[in-house]
Structures are given as C-alpha cells and as structure tokens.
Amino acid sequence: MDARTKGRSRGLCFFLWAQGAEPQYGGQAVIEGVMMRGPRKTAVAIRKPNGALLVEAEANTSITSRYPFLKLPLLRGVVALFESLILGIRYLTFSANQALDEEEEEEELSTRDLVLTVAFALAMAIGFFVLLPAGAALVLRNYLSIFWQNVVEGLLRMLLFLGYVIAIGRVQDIQRVFQYHGAEHKVINALEAGEDLRVENVRPYPTLHPRCGTSFLLLVLILTIVFFSFIGRGGIAWRLASRLVFLPVVAGIAYELLKFTGRHLDVPWVRVIAAPGLWLQKLTTREPDDGMLEVALAALAAARDDGPPVEPSPEESPSSPS
C-alpha cells in the first residue's frame, strides 16, 4: 500500500487515526461558502450568485494575546467559544450580504449591531436549551432525587437540541449550509491525512470530524448532567442561577475534552467518547458537490501560511467583513 493510499485509509476511518503535532485548522460553513481558521490567519471563500469565487483573509486577533493567562486550561475554552461565536456571526453576515449580491456601499453591520446580535443569540440559546429544561425538571423535585432530576433535565435538553437540529435540517437553504459543513470537514480530514489537496483527492474523505463544534455541543449537554448532579437542592432561583454561573465551567471542560479526544483517537476508550458526537454530525453535515469542495479548498489555501496564494475573481472588488 503506497503512502497516498495509507493516508486515504486513515481519512476514511476517521475514528482510528491520531493527530500529529502539525498546526490545527478549523472552520465553519457560511452562506454559500466556508470560513477556515488557522494558527495565524482566518479566511473565507464564498460562491457569488454569478459563480465567481470571492476569497478574503485576515490576520487572527485574540484577547489571549493581550491577556496570556486566558490561555490556561478551562479559561481558553470559554474564550474560544465566545470568539468563535463572534467571528462566526461576522462571517455569516458577510456571506449573507454577498449571497444576496448587495451593493458595495450597503451599510455594514456595526460593532454595536454585532454585539446586540451575539447577545440576543446567546440569550435565546441559554433560555431555550438551559433555563427551560432546568425549570421543567424542577417540577419533579417532589418525586425524584436531585440526581434523577438532573438526568431528566439533561435528557430534555438533548431532545430540544436534537429537535432543533432536525427541524432546521429540513430547510433547503440550511441543507446547503450543511453541505458546505461537510465540505469543510472533508478538506480538513484530507489535510490532516497528508493528502494532496485537490478536489478528486478530497472527495473520498468523510464529512465527519472529531473536533467539530457539533461534538462540542453534545459534550456540553452530556457534561451538564454530570456536573449539575453535584450541585445541591434549591429553589427555582438557585437552580436557574447555578446553570448560568457554571455553564462557562462546563464549556471549558468540554473544550479540553474535545481537544484531548482529537489528539488520542487511537485509544479505544477515547473513540467511545468521541462516537456520539460523530453520530450527531450526520445530522449537521451533508455530502457536498465538487463546487463546494473547491470553495472549501480555496478557504483553506488562503488560511494557510504555507498554502498557495488565492486571488479573488477579477470580476469582484471585495471589501473585508466588518
């Protein structure tokens, strides 16, 4: 078996190969495109309505460069979560504007609008997936122990999340986003397998990846069951407040666990931990077409320090996302 075949086998058996020490890349699907983030640069590639490929790249900035203590375990997970959310909304807004082929002079999303959008999205998510299940489980406090209350709360939270994913997955536009999500994973799987990054070589790789944000969210949901079981009884105010206060702690633990599983997938018990997240990704990814793979490859090339330069289409005069 030659080196390329071995690399492709590792990619197809995504839960068998272990990660090396190379810089890690991650990304996100956007509207008709893919955002890729590397150690030093973040790039986005978008397929415009006229078929042109728009590619933008920018240097990474993080609050951890100003406050290095935020790189400590647990803290870095919380920081990464908020920065990823803000970055994701920025590029989603940018891609939506490009997909609609809006005029260049169109007013862009201001910093204030961005903060309000992120705050609203967080409030809705916390209210629906955290506070609602916590309050519902409290109704059973006279019938169940605190442990089983938390089990019911966690299961209800998972059902709400699964129902939400399944519901939005039926929307045609979201299905295309899920296809770009699959393209992003295929390209990163191929990169980490040492593949020559061309569409025909990337195509056989899986649409699932162990470091996906979907797996992270599932880890958070599972860990809330375990973590909140150690918190004593209390009224509705204590129950809801404790969820809000300790949610960043749970997210930090989930982030470290996700990084650990990504590095040690050659260990059988680690593969068991990673398996549910990979199964869940079957709902949030779809098989992409070759055009989508081209977009994901262009985004990765622009995000890599050692990658070939990618020039935007001469038909476009893109402006950087705000």
Go through (1) in a helix (DSSP H, G or I); (2) modelled with pLDDT under 85 one by one and return the number of the condition VAL79 breaks.
-> (2)
Only one of these is aliphatic (A, V, I, L, M) and within 19 Å of GLY38 (Cα to Cα): ALA237, ALA296. Name it.
-> ALA296
Restricted to segment 198-217, and to residues that are of a type in the set (A, V, I, L, M) and either within 30 Å of VAL250 (Cα to Cα) or free of Cβ contacts under 8 Å to residues at least 12 places away in the same chain (or both), which residue is most open to solvent (accessible area, probe 1.4 Å)?
-> LEU217
Would segment 264-277 turn up any residue that is under 16 Å from the mean Cα position of the chain (by Cα) and either surrounded by fewer than 17 Cβ atoms within 10 Å (Cβ to Cβ) or modelled with pLDDT under 85 (or both)?
-> yes
Take HIS185 and decide whether it is open to solvent by less than 40 Å² (accessible area, probe 1.4 Å), modelled with pLDDT of 90 or more and in contact with a strand residue (DSSP E or B) (Cβ under 7 Å, 6 or more places away or on another chain).
-> no
Members of segment 136-169 found to be under 18 Å from ALA237 (Cβ atoms), more than 29 Å from the chain's Cα centre (by Cα), in a helix (DSSP H, G or I) and not polar (S, T, N, Q), listed by number = LEU138, ILE146
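For (1) surrounded by fewer than 12 Cβ atoms within 10 Å (Cβ to Cβ); (2) at pLDDT 85 or above, each residue gets a yes or a no:
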residue	(1), (2)
ALA45	no, yes
PRO68	yes, no
VAL118	no, no
MET124	yes, no
LEU131	no, no
ALA134	no, no
Consider GLY307 against the criteria (1) open to solvent by less than 70 Å² (accessible area, probe 1.4 Å); (2) out of contact with any strand residue (DSSP E or B) (no Cβ under 6 Å at 6 or more places or on another chain); (3) closer than 23 Å to VAL202 by Cα; (4) modelled with pLDDT of 90 or more: it satisfies all of them except one. Which criterion is unmet?
-> (4)
In segment 59-80, the residues that are in contact with a Pro (Cβ under 8 Å, 6 or more places away or on another chain) and either touching a residue at least 24 places away in the same chain (Cβ under 8 Å) or at positive phi (or both) = VAL78
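The values are calculated or read from the model by the stated rules, or taken from the named source; none is laboratory data. What you are looking at is a predicted structure, and each value in this text was computed from that prediction instead of being measured. Positions of Cβ are generated from backbone atoms using ideal geometry, with glycine treated the same way; all protein chains shown enter the neighbour counts. All accessible areas refer to the heavy atoms of the entire protein, side chains included, with ligands and DNA or RNA removed. Shrake-Rupley method; radii C 1.70, N 1.55, O 1.52, S 1.80 Å.
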